[in-house]
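Structure, as structure tokens:
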Amino acid sequence: MERIKPYKSLGQNFLTDMNIRKKIVDALDIQPDDNIIEIGPGTGALTELILEHDIDYTGIEIDKRAVEIIGKMCAKHKSARVINEDILKTDSEIIKSNTKVVGNLPYYITSSIIFKILEAKEKPITSIFMVQKEVGIRIAGKQNTRDNGILAIAISLLGQSKILFDVSPNCFFPKPKVTSSVIQISFHRELDNFKEVMALVKMAFNQRRKTLSNSISAYLSDIDKSKFTDILGKRAEQLSADDFIDLLNRINAEKNNK
Ligand code: SAM
């Protein structure tokens with residue numbers, strides 16, 4: 001593989017360990033009709049193995065030097081291309097129903113990338129991401145734990161996530177300061193009012209130590225709170241994704257009855 005001088009500002013920690021490279025690509029379970037989108041292919045640690053499958057592939061990479069390297073790899077395959085773009089500015093319509101997304105993510109924008117996918121019209125079949133271990137724990141955070149947070153709820157509203165395996169800093173060049181985890185996010189339901197539910201979730205978690213009667217008081221100003229005593233004494237982290245959907249539906253129903 002060709003090498004480039006890593007830019008810290010772009011989160012460039014290149015994967016060097018062949019065993020981990022293979023494990024990530026295996027986790028994609030590539031099938032002939034898949035459309036693979038790779039976020040930040042860099043110098044091609046995953047790309048090289050993905051392209052062995054000769055499937056439809058698009059890499060999205062911000063660094064022109066890396067784009068040149070990946071461009072050469074793609075030139076040998078008729079359904080492979082690389083786009084020189086900031087992933088956060090990429091049109092999310094690029095995701096189709098046969099898309100699988102993969103990436104050893106630039107850690108400085110992990111949450112924004114995941115939110116972008118959650119808000120896309122079509123959802124990928126699966127997403128396999130390398131993230132910081134701490135973020136992986138938060139993403140897979142369970143109700144009633146301190147790890148339950150905005151990102152965990154956002155994912156559970158539409159699907160589920162799990163940690164597949166951890167990756168030591170020794171598997172990269174340069175070595176990151178933290179351990180990483182490979183996670184999988186898969187989607188199994190549509191939610192028409194996803195953004196509306198997320199507005200409520202964000203407000204609740206912005207003051208996560210307070211009970212809901214305080215943290216989401218802006219939602220409660222013109223409703224009869226006595227009908228919500230079962231839930232308003234709880235804190236955000238005690239609620240599941242379904243609890244938030246249910247709460248919003250109840251608030252809206254109450255407002256519509258007025
Ligand atoms: N996939 C390669 C690997 O595993 O060795 C590189 C991973 S490195 C952690 C993250 C990659 O994301 C880098 O190639 C970096 O240039 C790219 N990147 C950083 N910010 C980006 C952005 N906003 N849009 C697209 N790519 C980005």
| request: Take the range 161-195 and flag every residue that is closer than 24 Å to I231 by Cα and surrounded by 13 or more Cβ atoms within 10 Å (Cβ to Cβ). | output: L191, N193, F194
| note | Among residues of the range 66-85 being closer than 12 Å to T43 by Cα and exposed (fewer than 15 other Cβ atoms within 10 Å of the Cβ), the residue farthest from the ligand (Cβ to nearest atom) is K72
| message | So if I check each of R209, R235, which one is outside the structural domain of I113 (by TED's automatic domain parsing) and surrounded by 12 or more Cβ atoms within 10 Å (Cβ to Cβ)? | response | R235
| query | Scanning for something free of Cβ contacts under 8 Å to residues at least 24 places away in the same chain, open to solvent by less than 10 Å² (accessible area, probe 1.4 Å) and in the same structural domain as G42 (by TED's automatic domain parsing), does the range 146-159 turn up at least one residue? | reply | yes
| remark: Apart from one, (1) within 11 Å of the ligand (Cβ to nearest atom); (2) open to solvent by 20 Å² or more (accessible area, probe 1.4 Å); (3) of a type outside the set (G, A, S); (4) assigned to a loop (DSSP other than H, G, I, E, B) all hold for T43; the odd one out is (2)
| message | Tell me whether the range 22-29 contains one or more residues that are part of a loop (DSSP other than H, G, I, E, B) and open to solvent by less than 10 Å² (accessible area, probe 1.4 Å). | response | yes
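The values are calculated or read from the model by the stated rules, or taken from the named source; none is laboratory data. This one's a predicted model, so the numbers in the text were calculated from it and none came from an experiment. So basically every Cβ, Gly included, is an ideal-geometry build from the backbone, and we count neighbours across all protein chains shown. For accessibility, only protein heavy atoms count, side chains too; no ligands or nucleic acids. Shrake-Rupley method; radii C 1.70, N 1.55, O 1.52, S 1.80 Å.
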